[in-house]
1. From (1) outside any helix (DSSP H, G or I); (2) within 29 Å of VAL23 (Cα to Cα); (3) without any contact (Cβ under 8 Å) to a residue 40 or more places away in the chain; (4) among the β-branched types (Val, Ile, Thr), pick out the condition that doesn't hold for VAL153.
2. Here are some conditions: (1) among the hydrophobic types (A, V, I, L, M, F, W, C); (2) touching a Pro at 6+ places or on another chain (Cβ under 8 Å); (3) within 27 Å of ASN13 (Cα to Cα). ALA68 meets all but one. Which one does it not meet?
3. Return yes or no: is GLY79 in a loop (DSSP other than H, G, I, E, B) and either closer than 23 Å to ASP28 by Cα or modelled with pLDDT of 95 or more (or both)?
4. Looking at (1) exposed (fewer than 13 other Cβ atoms within 10 Å of the Cβ); (2) under 27 Å from LYS4 (Cα atoms); (3) of a type in the set (Asp, Glu); (4) modelled with pLDDT of 95 or more, find the lone condition where GLU114 falls short.
5. Condition test on ILE121, is it over 18 Å from TYR37 (Cα atoms), assigned to a helix (DSSP H, G or I), of a type in the set (Val, Ile, Thr) and touching a residue at least 40 places away in the same chain (Cβ under 8 Å)?
Amino acid sequence: MKPKMKRKGLMNNDGIWNAVTKVICEHDFPSEEETIYESFIVFHYFAELESGGHEMFLTWFSDHIKKAGIKKYSIDLAGGLEKIGADDYAEIVKKHLDPLWHLYLALETDESIEHEFYKLIEKADNDYHQLNGRLAQLLEAHFVKIHTDLIEVLEN
């Protein structure tokens, strides 16, 4: 059942962004609903990369990645990014996420690879930031497009 929200709270992109993020964040991971699942992983990738880079993303989402498995998670995340037109970001995921994940896990038992891990983190973060924040715009446009799939809009 879709949550209900009044149209007046969804009159601009900021209102829609807030409503959609609320809906997707209230669902358990992984959601059986494809739109929610894809939006959840793409939004959280964006949010963590903006606040702390790939290292924070791995730290905060390690349970989700373990639950899904790195291969499936990478495929799903890259696919979700491609679906919203964020192909350049999907390439970063395809190139860096799997090796970063394995180094991240290996750090628990082998501190000698710390330099290698942080070198790859820096490369992945630089690749992300060279795209100049386009992911925020693409994600916002996606949320505007899908909000009525996730929310029952009530007339005022």
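The values are calculated or read from the model by the stated rules, or taken from the named source; none is laboratory data. Quick caveat: nothing in here was measured; it's all calculated off a predicted structure. Here the Cβ is made from the backbone with ideal geometry for all residues, glycine too, and neighbour counts use every protein chain on show.
1. (3)
2. Going through (1) among the hydrophobic types (A, V, I, L, M, F, W, C); (2) touching a Pro at 6+ places or on another chain (Cβ under 8 Å); (3) within 27 Å of ASN13 (Cα to Cα) one by one, ALA68 breaks only (3).
3. For GLY79, the condition - in a loop (DSSP other than H, G, I, E, B) and either closer than 23 Å to ASP28 by Cα or modelled with pLDDT of 95 or more (or both) - is not met.
4. It fails just one condition, (2).
5. Taking the combined requirement at face value, the residue satisfies it.
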